[in-house]
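The values are calculated or read from the model by the stated rules, or taken from the named source; none is laboratory data. All of these numbers come straight from a predicted model, not from anything done at the bench. Cβ atoms come from the backbone with ideal geometry, glycine included; neighbour counts cover every protein chain shown. Accessible surface is based on the protein model in full, side chains and every heavy atom, while ligands, DNA and RNA are left aside. Shrake-Rupley method; radii C 1.70, N 1.55, O 1.52, S 1.80 Å.
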Amino acid sequence: MKLTLTPIKDLVIIEPKVFEDSRGYFYESYNKNAFHELGLDYDFVQDNQSYSTKGVLRGLHFQKQYPQAKLVRVLEGEVFDVAVDLRKDSETYGKWFGVRLSAENKKMFMIPRGFAHGFLVLSETATFAYKCDDFYHPNDEGGIMYNDPDIGVEWPEIDSEYILSEKDKKHLKFIEISFKF
């Protein structure tokens, strides 16, 4: 596996070793020992998967009292994936980083605890999978406006409108969040 550091501490891109031949391909999307060797010591307890159509924007989500580290990847299609640093003592507090994840490039994004997370579907459809190191707590959800000017995420332009859930349309601005990690 190849590990690529981002400008934000602890936020990394992982590229698995892919074995391809005339039959298709094979790769390990997760191996606890290999991750440990890379310094990524997580104990994943829950796998999630979503399917979305082009223009769906999910996020920017976080858990307040039960933050989750996430290992995210795309099984089908392509997304622009974003993480925002919410760790108050971090040098990059309030900064974001984005990466294109696709079934084709097979990249994975390791997002540690203390980040908000979201993604925009760029392809006609996308199947998105992620591992979490804590369970989902529905009453612990938080969110930041995807287009908050103080964060300034540069979402890609697409040939359709973004599609947000009613819940995601009501997220707070970054400066309105009352808690800090």
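Given 30, 51, 42, which one is of a type outside the set (A, V, I, L, M), under 21 Å from residue 136 (Cβ atoms) and open to solvent by less than 50 Å² (accessible area, probe 1.4 Å)?
Going through 30, 51, 42 in turn, just one is of a type outside the set (A, V, I, L, M), under 21 Å from residue 136 (Cβ atoms) and open to solvent by less than 50 Å² (accessible area, probe 1.4 Å): 42.
If you go through region 55-77, how many residues are within 13 Å of the chain's Cα centre (by Cα) and either open to solvent by 10 Å² or more (accessible area, probe 1.4 Å) or of a type in the set (A, V, I, L, M) (or both)?
So the answer is 12.
In region 104-124, which residues are part of a loop (DSSP other than H, G, I, E, B) and either of a type outside the set (Asp, Glu) or within 14 Å of the chain's Cα centre (by Cα) (or both)?
105, 106, 107, 112, 113, 114, 122, 123
Can you tell me which residue in region 78-95 is most open to solvent (accessible area, probe 1.4 Å), limited to those that are under 18 Å from residue 156 (Cβ atoms) and among the charged types (D, E, K, R)?
78
Considering 153, 121, which residue is buried (at least 19 other Cβ atoms within 10 Å of the Cβ) and either farther than 18 Å from residue 53 by Cα or free of Cβ contacts under 8 Å to residues at least 60 places away in the same chain (or both)?
Just a single option satisfies the conditions, and that option is 153.
Go through region 101-116 and count every residue that is over 20 Å from residue 41 (Cα atoms) and not small (Gly, Ala, Ser).
The number of residues fulfilling the criteria is 4.
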